1. Among the residues of region 28-72, which ones are among the small types (Gly, Ala, Ser) and in contact (Cβ under 8 Å) with a residue 40 or more places away in the chain?
2. If I go through region 4-37 residue by residue, how many of them are among the hydroxyl-bearing types (Ser, Thr, Tyr) and modelled with pLDDT under 95?
3. What is the residue count in region 189-224 for residues that are outside any loop (DSSP other than H, G, I, E, B) and among the small types (Gly, Ala, Ser)?
4. Can you tell me which residue in region 117-127 is farthest from GLN166 (Cα to Cα), limited to those that are surrounded by 11 or more Cβ atoms within 10 Å (Cβ to Cβ) and modelled with pLDDT of 95 or more?
5. Which of the following residues is without any contact (Cβ under 8 Å) to a residue 40 or more places away in the chain and out of contact with any Phe, Trp or Tyr (no Cβ under 7 Å at 6 or more places or on another chain): ALA231, ALA124, ALA199?
6. Which residue is surrounded by the fewest Cβ atoms within 10 Å (Cβ to Cβ), if the candidates are limited to region 27-82 and must be part of a helix (DSSP H, G or I) and of a type in the set (Gly, Ala, Ser)?
7. Quick check on this structure: which one of ARG159, ARG206 is out of contact with any Pro (no Cβ under 6 Å at 6 or more places or on another chain), within 23 Å of MET84 (Cβ to Cβ), crowded, with 20+ Cβ neighbours inside 10 Å and charged (D, E, K, R)?
8. Being farther than 17 Å from LEU150 by Cα and buried (at least 23 other Cβ atoms within 10 Å of the Cβ) is the filter here, so list the residues in region 163-203 that pass it.
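The values are calculated or read from the model by the stated rules, or taken from the named source; none is laboratory data. Because the structure is a prediction, the values reported are computed rather than measured. Ideal geometry is used to build each Cβ from the backbone, glycine not excepted, and the neighbour counts take in all protein chains shown.
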Amino acid sequence: MFTPDDILYEDNHLLVVNKHCGDLVQPDPSGASALEDQIKEFIRRRDAKPGAVFLGVVHRIDRPVSGAVIFAKTSKALARLNEMIREGRIRKIYWAVTEQTPDPASGELRHYILRDAKTNRSKALGAPRGEAREARLRYQTLAAADRYTLVGVELLTGRHHQIRAQLSQIGCPIRGDLKYGARRSNPGGGISLHSRSVAFEHPVRREPVEVTAPVPQDDRLWAWFEQHAPAGEPVR
């Protein structure tokens with residue numbers, strides 16, 4: 001559930017929050033409470049707004065994933081941020097804790113993502129097929145523990161379950177991600193994939209904005225990796 005402590009950045013035009021594993025960004029058929037509605041209610045109460053609160057979802061991350069999510073507080077900001085998303089002008093960096101170390105340690109992955117709506121799962125294919133869409137990401141190994149590896153990922157496209165499917169395809173499933181080949185689940189059902197940072201030009205003031213989301217504080221492995229990740233690495 002959202003709390004004011006989850007706010008990473010806010011001004012009159014936009015809001016960036018640190019989503020918890022298990023939280024929905026937008027309402028879905030499950031009927032579960034979603035961040036979008038929770039934040040609207042928070043703003044309505046905090047700012048004593050008499051009418052409906054405008055809040056636009058700029059991008060989403062999967063329910064079992066944690067980290068930075070951008071919301072727009074005005075229609076102007078939403079339109080401009082949506083345009084940035086379409087043009088690839090919002091830099092999104094993820095951290096993934098994987099069960100194996102990528103070989104090579106860094107590089108770029110290019111697959112074709114084919115989504116199965118019935119199973120809510122995607123396949124990372126080596127060649128185009130049917131309605132599969134090209135998926136690209138850059139990755140870099142940042143740190144290694146006894147059984148797990150911290151991998152930094154920069155998304156170059158935004159496909160369904162892209163990071164999960166592509167890392168699994170190269171033999172590096174994400175910790176806790178049973179759907180994509182992990183050995184065991186995580187406590188609480190989340191997966192060890194975290195939207196670490198977002199960087200973009202402010203949609204109104206045209207100034208650079210960069211926001212970093214702390215990793216889940218109740219997970220000792222995440223805390224260890226945050227402490228041991230190199231400072232200033234290209235993929236953060």
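1. Listed by number, the residues that qualify are SER66, GLY67, ALA68, ALA72.
2. Adding up the residues that qualify gives 2.
3. 5
4. Checking each candidate, the answer is ARG121.
5. Step by step, each of ALA231, ALA124, ALA199 is checked, and only ALA231 is without any contact (Cβ under 8 Å) to a residue 40 or more places away in the chain and out of contact with any Phe, Trp or Tyr (no Cβ under 7 Å at 6 or more places or on another chain).
6. Among those residues, the one meeting the criterion is SER75.
7. ARG159
8. VAL198
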